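Visitor: Structure in structure tokens, see below.
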Amino acid sequence: MEFKDYYQVMGLERSATPEDIKRTHRKLARKYHPDVSKEKDAEARFKELAEAYEVLKDPEKRAAYDQLGADYKAGQDFRPPPEWASSRRSSNASHSSSSWSRSGTFPEGQFGEHGADHSEFFESLFRGMGGGSHGGPRQHGQDMFDMHGQDQHAKIQISIEDSYNGATRTLQLRMPQESSDGRVQIQDRSIEFVIPKGIRAGQHIRLAAQGAPGMGKGSPGDLYLDVEFLPHPRYRAEGLDVYMDLPVSPWEMALGAEVEAPTPTGRVEVKIPSGSAAGRKLRVRGRGLPGKTAGDFYFVLKLVLPAADTASSKKAYEDMAAAFKSFDPRAALQDTGGQA
């Protein structure tokens with residue numbers, strides 16, 4: 001059978017809140033109700049929306065669906081994993097004396113008979129859950145299956161100084177959580193974590209058992225914090241190496257100089273060789289991000305010209321122009337036979 005992306009059906013992101021889901025469903029149900037809609041495929045879309053809403057509005061069904069659907073896209077060939085099927089049979093046996101409501105999403109009489117049928121995909125996943133429970137507590141012996149919780153990812157932005165020094169931070173997240181009575185609910189969580197020294201952009205911090213809760217007796221998944229560096233007014237990192245533009249004057253470039261400049265680990269003396277050009281990189285070994293083998297720190301020379309805003313400064317530029325009358329800064333751009 002084909003995998004159904006219920007978020008795509010409703011035009012929602014996977015991070016949608018219960019309020020988002022409810023509001024979107026109301027809007028689309030009015031648009032595609034077969035009794036009033038003039039859309040070509042209104043009835044089919046209405047049933048599809050009803051099924052998607054039945055899953056996404058129910059915290060337990062949604063959590064189970066999210067775990068299975070993390071690696072699938074709409075239309076892909078799909079079969080439930082064996083542990084799902086076997087546990088569903090167990091759950092069906094425990095419910096054999098009860099009737100499973102198939103009234104769909106809407107109260108009887110509100111929208112007539114439309115939206116009552118479920119797809120094969122829905123039946124294969126959720127029939128054993130008891131369609132009328134809508135996230136209620138699981139009774140003794142009725143665990144649908146045991147499954148490890150889904151690993152989850154969140155992006156975090158840290159400063160370059162955090163990577164140099166290490167840090168402890170607190171993260172605020174909205175995550176599914178299983179309560180003591182078996183309900184899966186969205187709750188606000190505060191997680192304290194450590195930023196290790198030398199971590200680079202693109203790496204992640206693993207927080208064990210802080211992901212989505214497991215189903216049944218399954219253990220929780222892990223939470224991976226994907227690291228990005230905040231923009232810094234001075235420094236930029238490339239892997240373990242760190243770069244900084246170092247402003248220098250024309251005479252410092254031409255004649256050479258020793259200047260003091262900052263790095264994330266303290267100020268250092270930088271020797272500018274005579275005859276340097278803008279863009280030249282001066283390396284300080286081992287002053288990059290820390291690690292088993294520390295990165296290097298690079299000063300990139302940036303030419304800064306004084307303003308010609310006084311009579312004396314203008315005169316200085318005029319004297320320089322006279323002294324370097326034969327110098328042509330655009331010599332490399334001279335025409336070489338019509339080539340661009």
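Here, each number is a calculation from the coordinates, and none is a lab measurement. Remember, predicted model here, so these are calculated numbers, not experimental data. Cβ: placed from backbone, ideal geometry, glycine included. Neighbour counts: every protein chain shown.
Visitor: List 32, 6, 235 from most exposed to least, where exposure is judged by having the fewest other Cβ atoms within 10 Å.
Guide: 235, 32, 6
Visitor: So which trypsin sites (Lys or Arg not before Pro) in region 267-316 pass both tests, a DSSP loop state and at most 10 other Cβ atoms within 10 Å of the Cβ?
Guide: Passing both the DSSP loop test and the Cβ count: 267, 285, 292.
Visitor: Here's a follow-up. Pairs 4/155; 155/302; 73/155; 4/27: which exceed 30 Å Cα-Cα?
Guide: 155/302, as the Cα separations exceed 30 Å there.
Visitor: Let me have the relative contact order for region 167-313, percent, based on Cα pairs under 8 Å that are six or more residues apart.
Guide: Reported as a whole number, the value is 17 percent.
Visitor: Excluding residue 194 itself, calculate the net charge of residues whose Cβ lies under 12 Å from the Cβ of residue 194, where each Lys or Arg counts +1 and each Asp or Glu counts -1.
Guide: Charge balance near residue 194 sits at +1.
Visitor: Here's a follow-up. Using the Karplus curve 6.51 cos²θ - 1.76 cosθ + 1.60 with θ = phi - 60°, what ³J(HN,Hα) values do you get for each residue of region 280-291, in whole Hz, with x for Gly and Pro?
Guide: Whole-Hz 3J(HN,Hα) from phi for region 280-291: 5, 9, 10, 9, 10, 5, x, 9, x, 5, x, x.
Visitor: For 118, 204, what's the fewest-to-most ordering of other Cβ within 10 Å of each Cβ?
Guide: Arranged by neighbour count, lowest to highest, 118, 204 become 204, 118.
Visitor: Also, quick follow-up: Spelling out what I want: for every residue of region 263-273, take phi, set θ = phi - 60°, compute 6.51 cos²θ - 1.76 cosθ + 1.60 (Karplus), and round to whole Hz; glycine and proline get x.
Guide: 9, x, 10, x, 7, 9, 8, 10, 9, 9, x
Visitor: Any idea what the dipole of region 234-340 comes to, in debye rounded to 20, about its Cα centre with Lys/Arg Cβ at +1 and Asp/Glu Cβ at -1?
Guide: 360 debye
Visitor: Let me ask something else. Out of residues 5 or more away from residue 302 or on other chains, whose amide H comes under 5 Å of its own, with H placed 1.01 Å from N in the peptide plane?
Guide: 246, 248, 279
Visitor: Show the residues, 5+ positions off or on another chain, whose built amide H is closer than 5 Å to the amide H of residue 288.
Guide: When sequence neighbours closer than 5 places are left aside, the close amide H contacts are 295, 296, 297.
Visitor: Now for a separate question. Could you run the Karplus curve 6.51 cos²θ - 1.76 cosθ + 1.60 with θ = phi - 60° over region 57-66 and give me ³J(HN,Hα) per residue in whole Hz, x for Gly and Pro?
Guide: Taking θ as phi minus 60°, the curve returns 7, 9, x, 5, 5, 5, 4, 5, 5, 4 Hz for region 57-66.
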